[in-house]
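Colleague: Please read through the structure below; I'll follow up with questions.
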Amino acid sequence: MALRDLTAAEQVAALQAGETTSLELVDAHLAAVEADDVEAFLAIDGDGARERARAIDAMPERPPLAGVPIAIKDALSTRDIVTTSGSRMLEGFRPVYTATCVQRLQDAGAIVVGKTNMDEFAMGSSTENSAYKNTLNPWDHQRVPGGSSGGSAASVAQRQVPWSLGSDTGGSIRQPAALCGIVGMKPTYGAISRYGLIAFASSLDQVGPFARTVEDAALLLRHMVGRDPMDSTSLDWPGGITLPTATDLAGLRVGVVEELMGEGIEPGVRVAVDSSLKAIEDLGATVVPVSLPSALSGLATYYVLAPAECSSNLARFDGIRYGHPVPADNLLDQYEMTRGQLFGPEVKRRIMLGTFALASGYYDQYYGRAQRVRTLIVREFEAAFEDVDLLASPTSPTVAFPLGDRTADPYAMYLADVCTIPVSLAGLPAISIPCGLSEGLPVGLQLAGPAFSENRLLDSAHALEKALAFDTRPPGLVT
Ligand code: GLN
């Protein structure tokens, strides 16, 4: 079997058993990263990766992640490796520190091979808002990989790396995982430190793993969770993440969100989701319909709150505090030459929307009202979880769409996250696993749980993954 076909857990085992070396693994993956058939990477750190692999190979005892390669979304700061968040504003920026979550993985022995493409400042659902290039879906190069963490998802589906990190504000891990036929998880808000994650909407942003198996996602998560003194919203996690072992779902109650199964869900997506619900029942769970009446208001709520937060977070990019300093005669010219030129159209649209929603005359009408709807959504989830253990829905209403199909219509693009956003607003954990194909393209099933139910979610997703036996290899991929 080719080294690139091993899961991360298998790579760890092979390293611990002395069957391969980290340098061998890194070289095998770097060859694919450098060829980059799907345009997943913005920066590659080949020399640094080989150097760290040699250092780990020379250790008397291997650290727990043993020298396995990983790719990191370009929204996460990595010391000395260019970090752009997909924007011209940060072109050539070399951070002076590494994000806590990445540092924790490196301390555990993971080897960063490069930074992955993304929608500018994580705003988008197709990675086409990247200021640099389009990433291609490994299953069909004419289609988008999803977004905003499209590069991280594509790199794992293409087996350039066994796993990667993304960030999810309204769906940016789960939706690209679904469109690329892999596993993606957004943990509970506060589970992973956001220190070093370039902020988009701070009350929603969370880092999380992409992998080809649920076990690998758990393994990665396990080394990132827990309180970080550098992020006051991060939380202690007694007990931590355990590796999933469940083989059935006996006794579990799974609610199907009625509002997310109706209009707008592609028929092929529905068929695949319905058959995985049947598999959930066959594994011993009870499947019941659940109503979240405000779920469909999530999208409108999110598109007030996220832009409001982004208009504040992105104020720092003015060429004075952050971003490229441009010599200008006056402040207005300076703003025009930095914020005016170096932000892309979607980022500017969001900043304008957010500034409008926060303006004194409109604050209560938009921002205040959106906050109240957010609270309603939180309460509806709480009520639902009194009756069921997990909630199921499609991850994305459609399979991967053709490149260019939605770039002229922001609203059509926003709809890609209709199923993932409610969970984000409630700050809950959710995982997307591939559950079948529609027209030859992967379909994702989203499972969500109450806050800090990650272990149950991972265990259930693991049991279901085994039953569904989805083949994550894209057609024609040669490793
Ligand atoms: N697609 C959504 C947006 O454009 C979500 C993005 C994200 O989760 N970062 O805002």
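Colleague: Explain nothing, just the number: dipole magnitude of the chain about its Cα centre with +1 on each Lys and Arg Cβ and -1 on each Asp and Glu Cβ, in debye rounded to the nearest 20. Don't skip to the end; give the middle numbers.
Modeller: Details: 37 positive and 57 negative charges, 149 e Å.
Value, rounded to 20: 720 debye.
Colleague: To continue, here is another question. Quick one: Karplus J couplings for region 323-335, per residue in order, coefficients 6.51, -1.76, 1.60, θ = phi - 60°, nearest Hz, x for Gly and Pro?
Modeller: x, 6, x, 10, x, 9, 6, 8, 4, 5, 4, 4, 4
Colleague: Check each of the GluC sites (Glu not before Pro) in region 18-100 and keep only those in coil by DSSP with at most 15 other C-beta atoms within 10 angstrom; list them in order. If you can, show how the numbers build up before the last one.
Modeller: Values: sites: Glu19, Glu24, Glu34, Glu39, Glu51, Glu61, Glu91; in loops: Glu19, Glu39, Glu61, Glu91.
Passing sites in region 18-100 are Glu19, Glu61, Glu91.
Colleague: Name the residue farthest towards the positive end of the dipole of region 343-444 from the options Gly354, Leu376, Val388, assuming +1 on Cβ of Lys and Arg, -1 on Cβ of Asp and Glu, about the Cα centre.
Modeller: Looking along the dipole axis, the top candidate is Gly354.
Colleague: Residue by residue, what Karplus-based ³J(HN,Hα) values in Hz, rounded to whole numbers, does region 205-213 have, using 6.51, -1.76 and 1.60 with θ = phi - 60° and x for Gly and Pro?
Modeller: 4, 9, 7, x, x, 10, 7, 8, 10
Colleague: Where only protein heavy atoms count, and the probe is 1.4 Å, what is the accessible area per residue for the chain in Å²?
Modeller: On the way: 17450 Å² over 479 residues.
Normalised by residue count, the accessible surface of the chain is 36 Å².
Colleague: Taking amide H positions as placed 1.01 Å from N in the peptide plane, with prolines and chain starts having none, which residues 5 or more places from Trp163, or on another chain, fall under 5 Å of its amide H?
Modeller: Ala71
Colleague: Moving to a separate point now. Rank these residues by their accessible area, most exposed first, probe 1.4 Å: Met185, Met337, Met1. Show your work: numbers first, answer last.
Modeller: On the way: Met185 0, Met337 80, Met1 175 Å².
Sorted descending by solvent-accessible area, the residues read Met1, Met337, Met185.
Colleague: Rg/Rh for region 126-281: what does it come to with C-alpha atoms and Rh from Kirkwood? Could the numbers behind the result be given before it?
Modeller: Numbers: Rg = 16.7 Å, Rh = 17.0 Å.
Rounded to two decimals, Rg over Rh is 0.98.
Colleague: Could you check how much of the accessible area of region 326-479 is carbon and sulfur, as a whole percent, using a 1.4 Å probe? Please list the in-between numbers first.
Modeller: Working: 3780 of 6840 Å².
Whole-percent figure for carbon plus sulfur exposure: 55.
Colleague: With N denoting the number of residues in the chain, provide Rg(C-alpha) divided by 2.2 N^0.38 Å, to two decimal places.
Modeller: On the way: Rg = 21.0 Å, N = 479, 2.2 N^0.38 = 23.0 Å.
Dividing the Cα radius of gyration by 2.2 N^0.38 Å gives 0.92.
Colleague: Positive end of the charge dipole of the chain (Lys, Arg +1 and Asp, Glu -1 on Cβ, about the Cα centre): tell me which of Ala201, Met1, His223 has its Cα farthest that way.
Modeller: The listed residue farthest towards the positive side: Ala201.
Colleague: So, one more: Within the chain, what percent of beta bridges assigned by DSSP are antiparallel, to the nearest 5? Display every interim value, and only then the final one.
Modeller: Details: 32 of 48 bridges.
Around 65 percent of the beta bridges assigned by DSSP in the chain are antiparallel ones.
Colleague: With point charges of +1 on the Cβ of Lys and Arg and -1 on the Cβ of Asp and Glu, referenced to the Cα centre of the chain, which listed residue (Pro450, Thr479, Ile280) lies farthest in the positive direction of the dipole?
Modeller: Of the listed residues, the answer is Pro450.
Colleague: With respect to the cross-link table entries Lys73/Lys133; Lys278/Lys466; Lys115/Lys186; Lys133/Lys348; Lys186/Lys348, which display a Cα-Cα separation exceeding 21 Å? Before the final figure, lay out the partial values.
Modeller: Details: Lys73/Lys133 14 Å; Lys278/Lys466 14 Å; Lys115/Lys186 19 Å; Lys133/Lys348 19 Å; Lys186/Lys348 26 Å.
Table pairs above 21 Å Cα-Cα are Lys186/Lys348.
Colleague: While we're here: When the helix-only estimate is applied to the chain (DSSP H runs of n ≥ 4, each -39,500 (n - 2.57), divided by the residue count), what is the mean residue ellipticity at 222 nm, nearest 500 deg cm²/dmol?
Modeller: Numbers: 15 runs with 162 residues, N = 479.
That comes out to -10000 deg cm²/dmol.
Colleague: Hey, any idea what % of region 37-79's accessible area is carbon plus sulfur with a 1.4 Å probe? Intermediate values should be presented prior to the final figure.
Modeller: Working: 790 of 1780 Å².
Summing carbon and sulfur atoms, their accessible area is 45 percent of the total for region 37-79.
The values are calculated or read from the model by the stated rules, or taken from the named source; none is laboratory data. What you see is a predicted model, and the numbers here were worked out from it, not measured in a lab. Backbone-built Cβ (ideal geometry, glycine too); neighbour counts: all protein chains shown. These accessible areas exclude ligands, DNA and RNA; they are computed on the full protein's heavy atoms, side chains included. Shrake-Rupley method; radii C 1.70, N 1.55, O 1.52, S 1.80 Å.
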